[in-house]
Each structure stands twice: as structure tokens, then as C-alpha cells.
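Enquirer: Next up is a structure, given as C-alpha cells.
Bear in mind these aren't lab numbers, they're just calculated from the coordinates by the rules spelled out. What you are looking at is a predicted structure, and each value in this text was computed from that prediction instead of being measured. Reconstructed Cβ throughout: ideal geometry from the backbone, glycine too, with neighbour counts over all protein chains shown.
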Amino acid sequence: MSRRGFLAGAAAVGLTNGRAAFAGVPARIVALDWALAETLVALGHAPLAVAEAPLYAQRVIEPALPPDTLDVGLRNWPNLEAVRALRPNLIVTLEGYGVPLARLEAIAPVRALPLYTTARHPLHLARRATTELASVLGREVQGARLLSDLDRAVTPAGADERPMLILKFADERIIDIYGQGSLFDDVLRAKGLRNSWTGVTNIWGFATTGIEELARHPEARLLIIEPAPIDLMQRGAIWRALPQVRAGRTRLLPPVWVFGGLPSAIRFTRLLGTT
């Protein structure tokens, strides 16, 4: 189930929200959220299994999961019997999303971390999640390095001051536009760049609308995160009539996870550098 659908319908010391305590560094970790999975990989402690692992390779891209990473089903509702059979030392999941916490705690210690909340500052929470996971794994040095990489990546930019619109296609007529509460809006703000979208967004930081809404932001640059409907962009009358398209201010970005953690934020800044 997508987030749109969902909206509609220490070691032992640190694992305080798990049912059982685990002494030592957890070797067998199951990650039910991609932002946490990518953070684990970036810390040099890849999870044993990840929910929707094959799709991660298409939507998150990097850091890549090891080829032997196991798949445990959907992110919002994993195969709990498969998770149990792996005998994990730790399950990491996104707070407030997916299977009820008690169901996971019956299997193994759980670390449920907040990223996309009513606080609407996912980049700050992603930094905290990185620090917490690094502490649990004894990877404080790697965690500090990842935080430093982010700080360098979001160094304020002094180039084009034209505002941007960050969007993904839901289908050929409907788009998600990312604004306040999104990871990439936080990145833009940190870099001193402007997001043209100031409208209402949901808890995940996006608004769903028709492509005609883009005409209300004629001066913006369009950053379109793949996958995108190429046929529409080449032949669609409404799309080709947009002022940004006529002016050549559109850019297709390779897939980057819009609900990610620090690795996705860093990848997004690199992609911004090519615009």
C-alpha cells in the first residue's frame, strides 16, 4: 500500500520499546522501512532482510542493498511469519506506519523511529535516527561521518535563485508536489533555495493535484523525479503548454526516495547539483 493509500484508508538499554532485551550488537536486523534500511547500509551494517527489497533497488537506488538481502513482504504489512522465521535480533520500523507495534514486539526487540510526523521536520528527525542507530550498532564513527556528509551536502548554494517545484507523477494526470514536511523541502531550505509550493501538504510532506496546477507557478523550475510518463511529456497538449515546459525549465531526476533518511537527502543534493 502506498502512503497515499495509507492516508486514505542500546543495544539492550536502547531497545526500550521492544518486548525482549538483546545484549550486544544486533547482527540479524530486519528493516521494514526503506529510510531506515538505507541508513543501516550507510552505517556499514546492512540488514538481513528488508520489506519490498526488490523495489528498493528501483526507487531508492543507493546505497544499494547487498544482493543476498531477503524480502519480507510489504512495508505497511510484512509477512510476520517470514520475519519470525529469520529469528531477528532487532526489527527497525517507522513510527506510526504499518503493522501495529505489538505484533512486532512479539517477535523481537523493536526500534520504531519517527521521521514523518506532525513536527514536519524529517531531515532533523533523520539526523536523530542516524545517531540512534549508530549508537545501537556501535557505529558512532560511521554515524558522525554520515552527519558530516550531510552538512557538506547542504552547504547553502548561491546559484540560481529561481524557485523550484519538486514533483512525482502518480499517473498521467495526477502529480504529488513536495512542500513543507517533506525531506526535500528541508534540503532546499538548508541550502538556501526556494520551494515554489507553499500550499497545504499532508503528514508526508506532499500535496496531490492535477498537472494543470503547475501553470500557477510559471516562474518555477520543475524537478520531476522518475519514473515519469515520457509519452505524456513528449506529446501531451496540457503538459507541453505549461510555461515551464515552453521555457525549457524542466529536469528529470533519476529515482531518489522521497520518504528517505540521510542517504536520500545526500543523494538528492547531488542530483540538484546537476540541474
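Enquirer: Report the one residue of LEU48, PRO156, THR208 whose Cα lies farthest in the direction of the positive end of the charge dipole of the chain (charges on C-beta: Lys and Arg +1, Asp and Glu -1; origin at the Cα centre).
Expert: It is PRO156.
Enquirer: Quantify how much of the Cα-Cα distance distribution of the stretch 104-149 extends past 17 Å, in percent.
Expert: Working: 446 of 1035 pairs.
Result: 43 percent of Cα pairs exceed 17 Å.
Enquirer: Taking every DSSP beta bridge with both residues inside the chain, roughly what % is antiparallel (nearest 5)?
Expert: Values: 10 of 31 bridges.
Bridges in the chain that DSSP calls antiparallel: roughly 30 percent.
Enquirer: If you don't mind, another one. Using Stokes-Einstein with the Kirkwood hydrodynamic radius over Cα pairs, what translational diffusion coefficient do you get for the stretch 171-220 at 37 °C and a viscosity of 0.692 mPa s, in µm²/s rounded to a whole number?
Expert: 289
Enquirer: With only alpha-carbon pairs counted, each pair once and no self-pairs, how large is the Kirkwood hydrodynamic radius of the stretch 41-160 in angstroms?
Expert: Working: mean 1/r = 0.0631 Å⁻¹.
About 15.9 Å for the stretch 41-160.
Enquirer: To continue, here is another question. Can you give me the orientation-averaged projected area of the convex hull built on the Cα atoms of the stretch 131-213, in nm²?
Expert: Averaged projected hull area, Cα only: 7.1 nm².
Enquirer: Size of the dipole of the stretch 164-272 about the Cα centre, Lys and Arg at +1 and Asp and Glu at -1 on the beta carbon, nothing else charged, in debye to 20?
Expert: Numbers: 14 positive and 10 negative charges, 90 e Å.
The calculation lands at about 440 debye.
Enquirer: I need the P(r) histogram for the chain: all alpha carbon pairs, bin width 10 Å from 0 out to the longest distance, whole percents.
Expert: Bin by bin from 0 Å, the calculated values are 7, 29, 34, 20, 8, 2, 0.
Enquirer: I'd like the Karplus ³J(HN,Hα) series for the stretch 181-186: coefficients 6.51, -1.76, 1.60, θ = phi - 60°, whole numbers in Hz, and an x wherever there's a Gly or Pro.
Expert: Whole-Hz 3J(HN,Hα) from phi for the stretch 181-186: x, 9, 4, 6, 5, 4.
Enquirer: Label LEU252 and THR155 with points 7 Å out from Cα along Cα→Cβ: what is the distance between them in nm?
Expert: Distance between label points: 3.1 nm.
Enquirer: Which one of LEU253, PRO26, LEU222 is farthest out on the positive end of the charge dipole of the chain, using unit charges on Cβ (Lys, Arg +1; Asp, Glu -1) and the Cα centre as origin?
Expert: LEU222
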